[in-house]
Amino acid sequence: MEDEKYDCLKLKNQLCFPLYACSKEIIKRYKPFLDKLDLTYTQYIAMMVLWEKKSVNVKELGESLFLDSGTLTPLLKKLEAKGYITRERMKKDERNVLIAITPEGEKLKDEALSIPSRMVTCVKLDPQEAQTMYMLLHKILRQFSLE
């Protein structure tokens, strides 16, 4: 009976563990494609936001990616050094930094175009399973957004 008390501490009973392990494995499979673009996974998802929106402030980018400014700042400095983005302090409020994609960063979009279709082959789910997983994961993320 005593052992049952600790069942909640067994790795096999944790929802967080398969999420963590799957995330790690999927990101590992992105690596060969992203290496060709000289991007890390986190830089890639930041670029995805910028390819879509063209410019955002650091706060918006952080909210989109669920990252804090301490994580974003070094990432953005590296993307700026590569010539993919610019960072500019807003004149109205210098605490606010606007991130904008450069023409060089925009060119990278064409090189990244094949990555999503290549990644589909790494995760062997039928379209309905993938859609269900997507909806469930976003349901969880929305809950965290409301906190």
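The values are calculated or read from the model by the stated rules, or taken from the named source; none is laboratory data. Because the structure is a prediction, the values reported are computed rather than measured. Neighbour counts are summed over all protein chains in view; Cβ atoms, including those assigned to glycine, are modelled from backbone coordinates with ideal geometry. Side chains included, ligands, DNA and RNA excluded: accessible areas come from the protein's heavy atoms. Shrake-Rupley method; radii C 1.70, N 1.55, O 1.52, S 1.80 Å.
Listed here are the residues, each with its yes/no results for (1) modelled with pLDDT of 95 or more; (2) open to solvent by less than 100 Å² (accessible area, probe 1.4 Å); (3) within 24 Å of L125 (Cβ to Cβ).
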site	(1), (2), (3)
L9	no, no, no
C16	no, yes, yes
D35	yes, yes, no
T40	yes, yes, no
V49	yes, yes, no
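Within the option set K92, K59, K31, being free of Cβ contacts under 8 Å to residues at least 12 places away in the same chain, of a type in the set (D, E, K, R), in a helix (DSSP H, G or I) and open to solvent by 80 Å² or more (accessible area, probe 1.4 Å) holds for one residue only, K31.
Tell me, which residue of the range 62-89 that is outside any strand (DSSP E or B), of a type in the set (D, E, K, R) and touching a residue at least 12 places away in the same chain (Cβ under 8 Å) is farthest from L113 (Cα to Cα)?
Pass one, the range 62-89, residues outside any strand (DSSP E or B): 62-84.
If we keep only those that are of a type in the set (D, E, K, R) as well, we get 63, 68, 77-78, 80, 82.
Those left that are additionally touching a residue at least 12 places away in the same chain (Cβ under 8 Å): 63, 78, 82.
Working: E63: 24, K78: 22, K82: 19 Å.
Top of the filtered list is E63.
Within the range 73-86, can you find the residues that are of a type outside the set (G, A, S) and modelled with pLDDT of 95 or more? Of everything in the range 73-86, those that are of a type outside the set (G, A, S) and modelled with pLDDT of 95 or more turn out to be P74, L75, L76, K77, K78, L79, E80, K82, Y84, I85, T86.
Among residues of the range 95-128 being surrounded by fewer than 12 Cβ atoms within 10 Å (Cβ to Cβ) and among the acidic types (D, E), the one that is nearest to F33 (Cα to Cα) is D110.
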